[in-house]
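The values are calculated or read from the model by the stated rules, or taken from the named source; none is laboratory data. Predicted model, so just to flag it, every value in this text is computed and none were measured. Here the Cβ is made from the backbone with ideal geometry for all residues, glycine too, and neighbour counts use every protein chain on show. Quick note on the areas: whole protein, heavy atoms, side chains included, nothing else; ligands and nucleic acids left out. Shrake-Rupley method; radii C 1.70, N 1.55, O 1.52, S 1.80 Å.
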Amino acid sequence: AMRLASPDVVICASQAVQNAALTYEPLAVTRVRYCSVEVPKEPSSRPVGEPGRDRPIRLITVGRLGDPQKGWDTVVGAAALLSQRGVPHVWECIGGGNEARELHELGERLGATGLRWRGALPHHETLAAIASGDVMVQPSVQAPPRTDGLPVVILEACARGIPVITTA
C-alpha cells in the first residue's frame, strides 16, 4: 500500500490521478488539486505566410534555465545548426534560472543567432508566446534523480494546435 506523509498540497496532472490521490489517507479533498490545461476559445495567433520562406520560423521553448532535465544545451545547439544552415528563424526562449549567462555565452560561441532570451514571464504571456509560435521545441533529458515526465507546457501547446517536437 502507498503511504503519503501529510503534504501541504498534491498537484495532479489529470482528473484520474486526482481521483486516485483522493483514495489515499490522510489526504483531504482541500489539499488535492487538478492542474488543468484550458483549451482556448480563440484560434492561435500565428503570423501569416509560410514559415521559413515568407518569414522566419517561430520556435518556442519554455522551462527553467539550469535544470539539467530541460535540455537547454540541446536547444542552443539546434539553434546554432539552423543559423549555420541559413534557415531564417526566431527562437523564443522563455524561462528564468541560474544558467542564463552560461546559455547566452554558449549560443554566442556556437553562432546561434536566432535565440531570443525572454526570461521568466507571467503565465498569460507565456501562453500568448506559445500561441504565436509555429512549433514548440521541448527537449527532455533523463537526469536522475529528477526526470521530466510530461511537461504541462507541451499540453498547453497541443491545446492551442501548435506542433510539438520533444525528446525522451
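The table below gives the values:
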read-out	value
Neighbours by Cβ (under 8 Å, 6+ apart or cross-chain): first from segment 68-94, at positive phi; second surrounded by fewer than 20 Cβ atoms within 10 Å (Cβ to Cβ) and not in a strand (DSSP E or B)	71/140; 71/141; 71/167
Inter-residue pairs, beta-carbon under 6 Å, first farther than 14 Å from residue 153 by Cβ and without any contact (Cβ under 8 Å) to a residue 60 or more places away in the chain and in segment 110-124, second in a loop (DSSP other than H, G, I, E, B) and open to solvent by less than 80 Å² (accessible area, probe 1.4 Å), 6+ apart	119/96
Test: residue 150 is farther than 30 Å from residue 48 by Cβ, touching a residue at least 12 places away in the same chain (Cβ under 8 Å), within 12 Å of the chain's Cα centre (by Cα) and open to solvent by 40 Å² or more (accessible area, probe 1.4 Å)	yes
Residues that are open to solvent by 50 Å² or more (accessible area, probe 1.4 Å) and modelled with pLDDT under 80, drawn from segment 51-67	51, 53
Condition check for residue 18: more than 17 Å from residue 135 (Cα to Cα), under 21 Å from the mean Cα position of the chain (by Cα), at pLDDT below 95 and part of a helix (DSSP H, G or I)	no
Breaking point among (1) at pLDDT 95 or above; (2) open to solvent by 30 Å² or more (accessible area, probe 1.4 Å); (3) under 21 Å from residue 123 (Cα atoms), for residue 91	(2)
Residue list for segment 114-141, filter: out of contact with any strand residue (DSSP E or B) (no Cβ under 9 Å at 6 or more places or on another chain) and either among the β-branched types (Val, Ile, Thr) or at pLDDT 95 or above (or both)	141
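This table checks each residue for (1) β-branched (Val, Ile, Thr); (2) closer than 17 Å to residue 91 by Cβ; (3) open to solvent by 70 Å² or more (accessible area, probe 1.4 Å).
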| site | (1), (2), (3) |
| --- | --- |
| 108 | no, yes, yes |
| 111 | no, yes, no |
| 114 | no, yes, no |
| 132 | no, yes, no |
| 142 | no, no, yes |
| 158 | no, no, yes |
| 162 | yes, yes, no |
